[in-house]
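> Handing you this structure, nothing more for now.
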Amino acid sequence: MFEITNLHASIEDTEILKGVDLTIHKGEIHALMGPNGSGKSTLANVIAGHPAYEVTEGTILFNGEDILEMEPDERAQLGIFLAFQYPTVIPGVSMANFLRMAVTNVRNARAEREAGDGEAKKMTPREFRKLMREKMQVLHMDESFATRYLNEGFSGGEKKRAEILQMALLEPTMAILDETDSGLDIDALRVVSEGVNALANDEMGVLLITHYQRLLNHIKPHFVHIMMDGRVVQSGGPELAHELEAKGYEKLRAEVAATA
Amino acid sequence: MEATATKSPDLTGFSREAVEALSRSRNEPDWVRESRLAAWETYESLPMPTRSDEEWRRTDLRRLKLDRFAPYADLDGTITDLASVASTSEGAFAFGEADQRAGIVVSRDGGAPYVELDPAVAAQGVIFTDLNTAVHEHPDLVQQHFMTRAVPVDFGKFEALHAAMWQGGAFLYVPKGVQVELPFRSFALGETAGASIFTHSLIVIEEGAEAFFVDAFQSETADEASFASAVVELDIADNANLRYVQVQDWGRNVWSFMTERAILGRDAEMKNLQVTLGSKFSKNSVGSHLRGENALAEMLGIFFGDGDQFFDHHTWQLHESPLATSDLEYKGALKEKSRSVYSGLIKVYEGAQRTDAYQQNRNLVLSRTARADTIPNLEIEANDVRCTHGATVSQVEDEHLFYLMARGIPKSEAQKLIVEGFFRPVIDRIPVEEIQDFLQAAIARKVGY
Ligand SMILES: Nc1ncnc2c1ncn2[C@@H]1O[C@H](COP(=O)(O)OP(=O)(O)O)[C@@H](O)[C@H]1O
Ligand SMILES: [Mg+2]
């Protein structure tokens with residue numbers, strides 16, 4: 001369903017991704033681990049279509065379609081979602097207003113795809129408000145959240161929760177969570193993990209980018225990949241994460257260097 | 001449209017003859033005619049501003065041909081009901097429901113206006129009428145306040161011309177201690193292309209009184225250039241309180257000159273909002289004299305240029321007494337080939353200790369061909385003061401756009417959200433829903449895309 005092949009990407013003429021291969025099927029949860037600076041966020045941003053990165057080689061296929069030529073909004077409308085490591089603050093734009101526009105665009109695009117030639121059923125403002133309230137409750141978010149400006153003055157945990165709220169509302173089929181666990185205390189981590197577990201389903205692929213084993217105690221991945229220096233250097237089952245935790249990245253790096 | 005609009009047949013440009021013809025056509029009392037003629041003398045004695053004058057340094061008047069405008073439009077026909085002018089006001093500031101205002105004055109091309117005042121408000125001694133009526137019915141008050149204090153006749157070349165040629169506008173007088181919650185609304189509508197329109201708002205709030213005034217200037221865009229001159233005088237006595245909102249939405253053929261001065265007494269409070277949307281050229285000068293101790297002036301501004309509009313705003317925070325506060329925030333967006341100049345001065349006079357003055361101008365430039373200049377200035381002659389100012393010119397940030405697009409919002413809508421967000425903090429400071437809605441819609445229309 002989601003297939004990255006030999007992906008190379010640069011920023012300001014510096015190559016960061018040096019041939020990434022990764023395939024995720026429906027219903028699978030993949031964890032992507034790796035030291036700081038190995039290119040995990042770069043990969044996430046390239047998938048979402050960040051304009052600062054230039055893809056120099058390779059493909060990303062989503063349900064058989066090459067998404068690399070698409071604008072970020074088209075990718076999102078197809079069902080790709082990235083929970084950002086560092087969500088942007090946008091002054092003056094209220095959460096509610098932003099969420100309504102995002103949800104309307106994504107859901108309407110989906111409704112149109114599903115309706116084919118038929119009449120697409122669009123979401124009404126009342127339906128939206130109801131849905132937003134429901135999802136906020138699940139994530140233990142106060143109603144006042146909706147009237148605040150996008151990420152402005154949000155604590156680290158609030159930002160991450162807001163990202164998961166967006167995911168819950170947009171119902172993606174391919175979700176990438178970039179370090180969603182960082183900066184969360186144990187309670188927040190539980191709420192967020194429960195949120196993700198509740199959303200993950202047989203129709204959805206998940207890529208969990210994380211530094212630590214900690215998150216993987218709450219969300220069980222089917223596969224674990226290790227990224228170093230712009231490549232996926234090792235892939236395996238959940239046991240790989242434990243192995244990594246025990247050994248540390250340095251030892252693993254040496255092993256990889258030796259086998260290369 | 002009931003009235004027929006024609007240009008004054010044999011006059012173009014401004015002249016003593018035009019002043020006399022105007023005064024005659026309105027059957028004005030002698031004192032009005034004489035004061036007009038005196039103002040005309042002042043006008044003639046003052047030099048036309050040039051680019052060597054600081055306030056006009058970035059303003060190009062070379063294409064302004066004053067001698068081509070008809071000095072005033074001749075309108076036959078009074079506005080008998082609001083419905084007859086409703087179509088002109090469509091899309092702009094609607095007239096609002098009758099039970100949502102204390103009174104309304106609508107004048108078209110400075111001609112005979114429509115006037116309405118809530119009888120319950122009138123019973124408290126409030127005067128609200130058009131200025132032409134006021135010179136007949138309240139000559140003492142008009143003589144006392146009209147271009148004597150806030151904007152004196154010799155204030156400048158264009159102000160002197162205004163004093164000679166004024167045609168319409170509103171006069172509001174709120175007596176001591178009277179507090180009126182609902183807004184007084186004045187609409188100056190322009191109709192005759194090629195003609196001049198001079199509109200004056202004279203607002204006098206006596207001690208301890210309170211009022212809310214909404215001024216709107218509007219015309220449709222026409223081919224032929226028109227000239228608009230507005231003078232706004234706000235006299236706010238000790239302990240009095242005024243909220244004043246002005247929306248300028250002239251057609252794109254209009255050269256607009258607007259001078260506004262407020263005088264605030266002790267413990268007086270003014271909340272001011274200036275909205276500039278229309279005209280091809282707009283020169284605004286907005287100032288507050290904090291004359292009494294402990295006065296408070298909030299000065300907000302929103303402007304949004306498109307096409308080849310040129311907006312020039314000069315603001316003055318004049319701290320003449322101790323312990324006063326002024327809080328200014330002007331925000332502008334510029335798209336296409338529009339240009340703006342903002343220049344603001346905080347002046348603290350000798351002895352005005354414990355002044356608290358804040359000035360902020362932020363500009364969002366939405367295209368490579370648009371441009372904003374901002375020039376903040378401080379002049380401080382007291383030593384125990386707090387003055388802060390900030391000025392920025394920026395563009396829509398790629399990161400903001402990307403974040404919104406990554407949530408499925410198309411670029412044009414994302415841009416709209418960001419621009420609305422840019423203005424939002426100012427809009428939030430005006431706790432009047434009708435005005436908030438109007439501003440939001442006006443901004444959305446301007447962003448367009
Ligand atoms: N704007 C940029 N210009 C140059 N290098 C960058 C830029 N942004 C990130 N990098 C580099 O790209 C590499 C990968 O960063 P990133 O994808 O954020 O790693 P990770 O998420 O795995 O910690 C790092 O070495 C970082 O320094
Ligand atoms: Mg990262």
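The values are calculated or read from the model by the stated rules, or taken from the named source; none is laboratory data. Quick caveat, the model's predicted, so the values are computed rather than measured. Virtual Cβ from ideal backbone geometry, glycine too; neighbours counted across all protein chains shown. The protein model used for the area step is the full one, side chains on, heavy atoms only, and it has no ligands, DNA or RNA in it. Shrake-Rupley method; radii C 1.70, N 1.55, O 1.52, S 1.80 Å.
> Evaluate the relative contact order of chain B (contact order divided by residue number), counting alpha-carbon pairs under 8 angstrom at least 6 apart; express in whole percent.
In percent, rounded to a whole number, it is 9.
> Further question on the same structure: So for chain A, taking the charge dipole from beta-carbon charges (+1 Lys/Arg, -1 Asp/Glu), which of A:210, A:177, A:198 sits furthest toward the positive end?
Toward the positive end, the furthest listed residue is A:198.
> If you place +1 on the Cβ of every Lys and Arg, -1 on the Cβ of every Asp and Glu, and leave all else neutral, what size is the dipole of chain B about its Cα centre, to the nearest 20 Debye?
With Lys and Arg at +1 and Asp and Glu at -1, about 1580 debye.
> Past the 23 Å Cα-Cα mark, which pairs from A:40/A:220; B:331/B:446; B:280/B:446; A:18/A:160?
A:18/A:160
> Please calculate how many Å² of accessible area chain B carries per residue, with a 1.4 Å probe and no DNA, RNA or ligand atoms counted.
Heavy-atom accessible area per residue stands at 37 Å².
> In addition: In chain A, if the dipole is taken from +1 on Lys/Arg beta carbons and -1 on Asp/Glu beta carbons about the Cα centre, which of A:6, A:67, A:257 is farthest to the positive end?
Looking along the dipole axis, the top candidate is A:67.
> Among B:376, B:270, B:98, which residue has its Cα positioned farthest towards the positive end of the charge dipole of chain B, with +1 placed on the Cβ of Lys and Arg, -1 on the Cβ of Asp and Glu, and the dipole taken about the Cα centre?
Result: B:376, furthest along the dipole toward the positive end.
> May I ask you to list the aspartates and glutamates whose Cα is less than 15 Å away from that of residue A:26, ignoring any residue fewer than eight positions away on the same chain?
Straight-line reach from residue A:26, under 15 Å: A:3, A:171, A:202, A:203.
> Residues with amide H under 5 Å of residue B:358's amide H, sequence separation 5 or more or different chain, H placed in the peptide plane at 1.01 Å from N; which?
Sorted by chain and number, the residues that satisfy this are B:326, B:327, B:328, B:388.
> Counting DSSP beta bridges with both partners in chain A, what percentage is antiparallel, nearest 5?
Rounded to the nearest five, the antiparallel share is 60 percent.
> I'd like the orientation of helix A:125-138 relative to chain A: the angle between its Cα long axis and the longest Cα principal axis, in ° from 0 to 90, rounded to 10.
Computed tilt is about 50 degrees.
> What percent does the relative contact order of chain A come to when contacts are Cα pairs within less than 8 Å and at least six residues apart?
29
> So which chymotrypsin sites (Phe, Trp or Tyr not before Pro) in region A:143-219 pass both tests, a DSSP loop state and at most 16 other Cβ atoms within 10 Å of the Cβ?
Answer by residue number: A:212.
> What is the mean number of Cβ atoms from other protein chains located within 10 Å of the Cβ atom of each residue in peptide B:113-124, rounded to a whole number?
0
> Hey, another quick one. If you count, for every residue in A:89-96, the Cβ atoms of partner chains within 10 Å of its Cβ, what is the mean?
Mean partner shielding for this stretch: 6.
> Pick out, in residue order, every one of the GluC sites (Glu not before Pro) in region A:58-163 that is DSSP loop and has at most 16 other C-beta atoms within 10 Å; say none if there are none.
A:69, A:119, A:152
> Separate question: Enumerate the helices in chain B for which the Kyte-Doolittle hydropathy averages 0.0 or more and the C-alpha atoms extend at least 27 Å along the helix's axis, using complete DSSP H runs.
Flagged H segments: there are none.
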